[in-house]
Amino acid sequence: MIDTFEMFDLEVDSNAVSRPAIPQSAYKPIKRCPNCQSVYLTDTNCEACGRSLLYHPIGEPFSAKSLYGFKERYYASFPVITRYFPFFENKVGPEAKAYSRQLLKRFDDLLEAFGTPGAITNEKRRFFYVEMLELMDELLRYGIGPVMLQQKVEGRIMETGPLLSQKILEYLTETQKENKLTKPWSELFLNHRFMGIRIEYWLKTLVITTTVVTLAVTYYELISSQVGK
């Protein structure tokens, strides 16, 4: 039978009556809730504020916290006609602005995770890298300027590393040529040419002609009523 005292290092003579010394490895740092700093924790929750300790800032690849989850929920909020005809979407409206803010927050979270050791496992790293590239595409399509994205990447270059930052910036340079905020569908419609003439001109001509005809008919009826008296 193994003597219990063999598990510890004795700091005094073994013949002396003394307590065994506790090894330094036995001391563990105090765990605190990241939300309220309470030490009253279970394996899954904080007993003080109720926050889940299973929370992860970036979640799993392709999860509800990812670009794909945000995009799915945003598209689900579209009116029926916009779902079938996406060009009716207003990319400068309040809903689109809220969507782009969510994507910017996600972009910041991914940058931070790439610069935090252990935040992303090696086998999942490529999935989050692809998501980051697609995030830049989507943000550019919703009017977020490439300069802002560039500044965010360069601001964390020391954490994420020069190699990864360089790859992201190179992709940003290429994708901004193809992805940009498109004009509203109403403006595109008015600028469309029919028989070589812009639709806007046809509509203005129609409005002016209708106004002139309406005034002429009203004036004629007024004159006719005066003469008939």
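Quick rundown of the values:
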read-out	value
Qualifying helices (runs of 4 or more DSSP H) (wholly inside the stretch 51-118; at least 1 residues being over 18 Å from residue 137 (Cβ atoms) and among the hydroxyl-bearing types (Ser, Thr, Tyr))	80-84
Test for residue 138: is it in contact with a helix residue (DSSP H, G or I) (Cβ under 9 Å, 6 or more places away or on another chain), among the charged types (D, E, K, R) and at pLDDT 90 or above	yes
Only one of 133, 149, 139 that is open to solvent by less than 60 Å² (accessible area, probe 1.4 Å) and under 19 Å from residue 57 (Cα atoms)	133
Residue satisfying all of: in the stretch 170-189; at pLDDT below 70 and open to solvent by less than 70 Å² (accessible area, probe 1.4 Å); farthest from residue 145 (Cα to Cα) among these	186
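The values are calculated or read from the model by the stated rules, or taken from the named source; none is laboratory data. On a predicted model such as this, the values are computed, not experimentally measured, just so you know. Note: ideal-geometry Cβ built from the backbone for every residue, glycine included; neighbour counts use all protein chains shown. To get the accessible areas, we keep the full protein, side chains included, count just its heavy atoms, and leave off ligands, DNA and RNA. Shrake-Rupley method; radii C 1.70, N 1.55, O 1.52, S 1.80 Å.
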